[in-house]
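All remarks here apply to the structure that follows.
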Amino acid sequence: MQKTIILKRLITGIILLLVGLWVGYIGISFSSMGVTYDYPMAVSYGGDEIILASANLIIGITFISTCYMFPKKWLDYILVGLGVILYSICLTEFSQNEITSYVTWIFFIISVACLLIGIPWSKNGYKTMPYQTKNSVKKNNQKDSSDYMEQIAKLKKLLDDNAITQEEYDAKKKQLLNL
């Protein structure tokens, strides 16, 4: 199986990263203002925002860094578990806070939506990049090596038939074998 970029994972990762940075900035701002002006509710709100930001940053960076590799089922389970835990904390905290605005809820909904879109909900992974199992890795390696051998055999036949030169044969063989 050819590796391809998992576009929806990359895009949702970038969105989560940007939302995480912005929400983190808001959270730090509110926390510092609350400490400066002795307003505990602002400190609490800032802390809630920082929890949401940290969840988004962790999941977003993981999505971005894994968008060009075969997905790992265990990693996706961890990301969903982490998202459920941290987003649940935010959900319970947001409802108790008087400062929470509609913007916070919009960021929360965007975050949950990006997590749901970025994770493959099929038991096999993505269509273009399925989950790798031990059997599929062995099968792909065997298939790849047999493909190379067939191509080299075809090149040898072309060389024997004088359809290509020795230099062309050697160059193409090196390219196929990644030498």
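So the values come out like this:
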quantity: Whichever residue in the stretch 37-69 is crowded, with 18+ Cβ neighbours inside 10 Å and of a type in the set (F, W, Y) and, among such residues, is nearest to the chain's Cα centre (by Cα); calculated: F63
quantity: Filtered residue count, the stretch 88-105, keeping only those that are within 17 Å of L116 (Cβ to Cβ) and open to solvent by 10 Å² or more (accessible area, probe 1.4 Å); calculated: 3
quantity: Criterion violated by L158 - all others in (1) in a helix (DSSP H, G or I); (2) at pLDDT 80 or above; (3) under 30 Å from T4 (Cβ atoms) satisfied; calculated: (3)
quantity: Output for the stretch 1-55, where each listed residue is out of contact with any helix residue (DSSP H, G or I) (no Cβ under 6 Å at 6 or more places or on another chain) and of a type in the set (F, W, Y); calculated: W22, Y25, Y37, Y39
quantity: Matching helices (runs of 4 or more DSSP H) fully within the stretch 34-130 where at least 1 residues are touching a residue at least 40 places away in the same chain (Cβ under 8 Å), out of contact with any Ser or Thr (no Cβ under 8 Å at 6 or more places or on another chain) and of a type in the set (S, T, N, Q); calculated: 40-65, 102-118
quantity: Single match in G81, G34 (criterion: of a type outside the set (D, E), farther than 17 Å from G125 by Cβ and crowded, with 19+ Cβ neighbours inside 10 Å); calculated: G34
quantity: Matching residues in the stretch 11-53 - criterion: being closer than 22 Å to T66 by Cα, of a type outside the set (V, I, T) and modelled with pLDDT of 95 or more; calculated: G13, L16, L17, L18, G20, L21, A53
quantity: Of all residues in the stretch 1-10 being open to solvent by 30 Å² or more (accessible area, probe 1.4 Å) and in contact (Cβ under 8 Å) with a residue 12 or more places away in the chain, the one that is farthest from I117 (Cα to Cα); calculated: M1
quantity: Close pairs (7 angstrom Cβ cut-off, 6 or more residues apart or separate chains): surrounded by fewer than 11 Cβ atoms within 10 Å (Cβ to Cβ) in the stretch 156-171, at pLDDT 90 or above and part of a helix (DSSP H, G or I) anywhere; calculated: none
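The values are calculated or read from the model by the stated rules, or taken from the named source; none is laboratory data. As the structure is a prediction and not an experimental result, all values here were calculated from the model. With ideal geometry, Cβ positions are generated from the backbone for all residues, glycine too; neighbour counts draw on all protein chains shown. Side chains included, ligands, DNA and RNA excluded: accessible areas come from the protein's heavy atoms. Shrake-Rupley method; radii C 1.70, N 1.55, O 1.52, S 1.80 Å.
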